[in-house]
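The structure appears right after this line, and notes come after that.
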Amino acid sequence: MSDTTLAERPSSTMPPALENYVGGAWCPPAVPEAIEDRNPATGELIGRVPLCGAADVDAAVSAARAAWPAWRATSPLVRARALFRLREVLDEHREELAWLVTRDMGKTFVDAFAEVGRGIESVEAATAIAHLLKGENLEGVARGVDVELVRQPVGVVAAITPFNFPAMIPLWFLPFAIGAGNTFVLKPSEQDPVTSQRLMELIGGIDEIPAGVVNLVHGAHDAVDALLDHPGVNAISFVGSAATARYIYQRAAENGKRVQALGGAKNSMVIMPDADPQLFVGGVVGSAFGAAGQRCLAGSVAVLVGTEAEQDATRDAIVAAASKLRTGDGADPATDVCPLISPANRERLEREIEQARVEGAHIVLDGRRAGGPGGAELGPTVIDRPSEHSRVLREELFGPVLGLVRVPDLESAIDWTNQSRYGNSAILFTSSARAAREFRYGIEAGMIGVNIGVAAPIAWFPLAGWKGSIDGDLHANGRDAIEFYTRKKVVTERWN
Ligand code: NAD
């Protein structure tokens, strides 16, 4: 058991070897293998992340199973009070958690602070759990016969989360899962797990959440496979890239588990000639380059609508604004564009930009640079006239790279957007209500923004990706979370 909390450890001390949180105690992992977790802005070694496997996963799942009967039997009102307490604790530590996000994932502090706020909102939405869990009934379906539907928790839920929102995405799942009476095992991204570690420390201090209700196991593929195969896990909530989502969905389903697997995206932003520049310039630039494009709701294609002169004017306005953005350490208040999660990702993105250039695209803003102190910086990049099948237009690159497409009218813009195999989000900038209506009706994507660059639903609504952006039927947050984390039981009774 560690004697200092992560937040108290000065960054100059030897980096802590991260531990698992199992049954209310910190446990050294059963495996010797570990990888380094570094601050992407500075290269500072933050921690050593154990690559746990079946033994550590079994310990965490066993703790969750042992805690389940009593937690399930706890009144929903009492579980709601535990969530109210969690909300207060997170709010008290919001700034500290945001600094951890900045240090570990790299995004700017302002962005990280907003991220933690979004996570807190999921807890707030889940505090209504007693109301959300209420069932249905219908009396007198036959003489003396009444029917009642009740919702019961599914059991042990495991969440496997990505690097890009290390505070928010675990909190999409945790509050709804435990609020509904399940127990929980989190496997955070091995690239930036420190925020999750701190989250567990904070939860450990909340008496209303008993030991074993929430557990943490570190690791990468082996830990994930062990969770997918463990018979004690009833449901899997996953967020990550599309390829991993498909793998998780298939393997978990084969093992008879309930699974929601939220995957990658390629989001278009359609800009009509009548769009208000005050709205679209900031909206497009913030969406494409905020968090260095490492958001599932980032717009990475701008569809310029109109005549060639109108398209050029839109392009020039975007490029002028993007070229003013400052790239650097997210801890520096002057920074607009943070580093990528790792130097390897910068190198990958640079290869993608070069490939587009070789295919004949015009790199109208080139963000390639030395990489900064941590080797992970890439400035905003805008690529005009990429070839029709360029990866810049079709694949999620997950970096500050914006491809431009030119079409004559809204209908062509909708057609172009709907060709994507993804369907997370689509954005329209316009002054026309008629265009907005046509767009929201015809677009095949689940999260639509009109004059909004990042159309992230608040936690009372689902993260409603479509097509290749989700494997499974039920999304994170909102009513879907209750549907996913409960089983329905229908009781038909006769009392003469
Ligand atoms: P990722 O798929 O590499 O990793 C996600 C999780 O899966 C991690 O915990 C990782 O350890 C695990 N994992 C990765 N490869 C695995 C494998 N082969 N076998 C077993 N487990 C594996 O994703 P990432 O790079 O951390 O996150 C970025 C991706 O997440 C982007 O594609 C982004 O669009 C997506 N994302 C989607 C949403 C959404 O709501 N749809 C939200 C945020 C992020």
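The values are calculated or read from the model by the stated rules, or taken from the named source; none is laboratory data. Just so it is clear, the model here is predicted, and its values are computed rather than measured. So basically every Cβ, Gly included, is an ideal-geometry build from the backbone, and we count neighbours across all protein chains shown. Note: areas computed on protein heavy atoms with side chains; ligands, DNA, RNA excluded. Shrake-Rupley method; radii C 1.70, N 1.55, O 1.52, S 1.80 Å.
Go ahead and estimate [θ] at 222 nm for the chain from helices alone: -39,500 (n - 2.57) per DSSP H run with n ≥ 4, summed, over the residue count, rounded to 500. Walk me through the numbers on the way to the answer.
Values: 16 runs with 190 residues, N = 496.
Taking each H run of at least 4 residues, the total per residue is -12000 deg cm²/dmol.
Compare the peptides 47-55, 409-417 by average per-residue count of other Cβ atoms within 10 angstrom and give them in order, highest first.
Descending mean neighbour count gives 47-55, 409-417.
Read phi for every residue in the range 183-192 and hand back ³J(HN,Hα) as whole Hz from Karplus 6.51 cos²θ - 1.76 cosθ + 1.60, θ = phi - 60°, with x for Gly and Pro.
Working through the residues one at a time gives 10, 9, 10, 9, 10, x, 4, 6, 7, 7 Hz.
Quick one: order W71, W99, W26 from most to least accessible surface, probe 1.4 Å. Intermediate results must be reported in sequence, preceding the final value.
Values: W71 5, W99 105, W26 30 Å².
Descending order: W99, W26, W71.
Which whole-number percentage describes the relative contact order of the range 351-455, with Cα contacts under 8 Å and a sequence gap of 6 or more? Don't skip to the answer; put the middle values down first.
Values: 143 pairs, mean separation 19.9, N = 105.
Here the relative contact order equals 19 percent.
Short version: ³J(HN,Hα) in whole Hz for each residue of the range 455-464, in order, from phi by Karplus 6.51 cos²θ - 1.76 cosθ + 1.60 (θ = phi - 60°), x for Gly and Pro, what are they?
Values, residue by residue: 8, 7, x, 5, 5, 7, 10, x, 7, 8 Hz.
Taking only the alpha-carbon positions of the range 68-163 and ignoring solvent, what does the Debye formula give for the base-10 log of I(q)/I(0) at q = 0.10, 0.19, 0.24 Å⁻¹?
-0.44, -1.02, -1.20
Scaled to the compact-protein estimate 2.2 N^0.38 Å, what is the alpha-carbon radius of gyration of the range 82-133, rounded to two decimal places?
1.25
I'd like to compare 223-231, 178-186, 304-312, 235-243: which one has the highest average count of other Cβ atoms within 10 Å, and what's the full order after that? It would help to have the intermediate numbers written out before the result.
Numbers: 223-231: 21.2, 178-186: 26.6, 304-312: 16.9, 235-243: 22.9.
Top to bottom by mean Cβ count within 10 Å: 178-186, 235-243, 223-231, 304-312.
Expressed as cubic angstrom per residue, what is the convex hull volume of the alpha carbon set of the range 117-167?
On the way: hull volume 5.8 nm³, N = 51.
Hull volume over Cα atoms, normalised by residue count, gives 114 Å³.
Roll a 1.4 Å probe over the protein heavy atoms and report the accessible area of I458 in Å², nearest 10.
80 Å²
Could you tell me whether the range 53-98 comes out rounded, prolate or oblate from its Cα gyration tensor? Rule is a ≥ b ≥ c as square roots of the eigenvalues, rounded for a/c under 1.5, then prolate if a/b exceeds b/c, otherwise oblate. Please report the intermediate quantities before stating the final value.
Numbers: a/c = 6.10, a/b = 1.28, b/c = 4.75.
Oblate shape, in that a/c is at least 1.5 and b/c is the bigger or equal ratio.
Rg over Rh of the range 414-482, using C-alpha atoms and the Kirkwood radius, what does it come to?
Details: Rg = 12.5 Å, Rh = 12.6 Å.
Looking at the range 414-482, the ratio lands at 0.99.
Quick one: what are the phi-derived ³J(HN,Hα) couplings along the range 248-264, Karplus 6.51/-1.76/1.60 with θ = phi - 60°, whole Hz, x for glycine and proline?
4, 4, 5, 5, 5, 5, 4, 8, x, 9, 6, 9, 10, 10, 8, x, x
Could you order the peptides 244-255, 195-206, 420-431 from most to least packed, using the average number of other C-beta atoms within 10 Å per residue?
Details: 244-255: 18.7, 195-206: 21.2, 420-431: 24.9.
The peptides rank, most packed first, as 420-431, 195-206, 244-255.
Using only alpha carbons, build the gyration tensor for the range 267-450 and give me the equivalent ellipsoid semi-axes, biggest first, whole Å.
Details: eigenvalues 140, 56, 47 Å².
The equivalent ellipsoid of the range 267-450 has semi-axes of 26, 17, 15 Å.
Would you mind checking K257/K467; K187/K257; K257/K489; K134/K489 for any pair whose Cα atoms are more than 24 angstrom apart? Show your work: numbers first, answer last.
Values: K257/K467 21 Å; K187/K257 17 Å; K257/K489 18 Å; K134/K489 12 Å.
Correct reply: none exceed it.
Out of the DSSP beta bridges found with both residues in the chain, what percent are antiparallel (nearest 5)? Let's see the in-between values first.
On the way: 29 of 69 bridges.
The answer is about 40 percent antiparallel.
Pairing the Cα long axis of helix 94-104 with the longest principal axis of the chain, what angle in degrees results, from 0 to 90 and rounded to the nearest 10?
Here the helix axis deviates by roughly 60 degrees.
Report, by chain and number, residues whose modeled amide H sits under 5 Å from the one on G449, excluding near sequence neighbours (fewer than 5 apart, same chain).
Under 5 Å from the amide H of G449: A426, I427, L428.
So who's got an amide H within less than 5 Å of the one on I470, skipping anything under 5 residues away but keeping other chains? H placed 1.01 Å off N, in plane.
G263
Starting from the amide H of A159, placed 1.01 Å from N in the peptide plane, find each other amide H under 5 Å away whose residue is 5 or more places distant or on another chain.
V185, L186, K187, S237
Determine the percent antiparallel among the DSSP beta bridges restricted to the range 267-450, to the nearest 5. Intermediate results must be reported in sequence, preceding the final value.
Numbers: 3 of 25 bridges.
Antiparallel bridges make up about 10 percent of those DSSP assigns within the range 267-450.
Tell me the Rg and the Dmax, in Å, that the Cα atoms of the range 373-441 produce.
Reported Rg and Dmax, both Å: 14.6, 49.
Largest first, please: the extent of the C-alpha atoms of the chain along each principal axis, to the nearest Å.
Ordered largest first, the chain gives principal extents of 76, 67, 39 Å.
Provide the three semi-axes, in whole Å and in decreasing order, of the ellipsoid equivalent to the range 355-496 as defined by the square roots of 5 times the Cα gyration tensor eigenvalues.
Working: eigenvalues 297, 90, 39 Å².
Those come to 39, 21, 14 Å.
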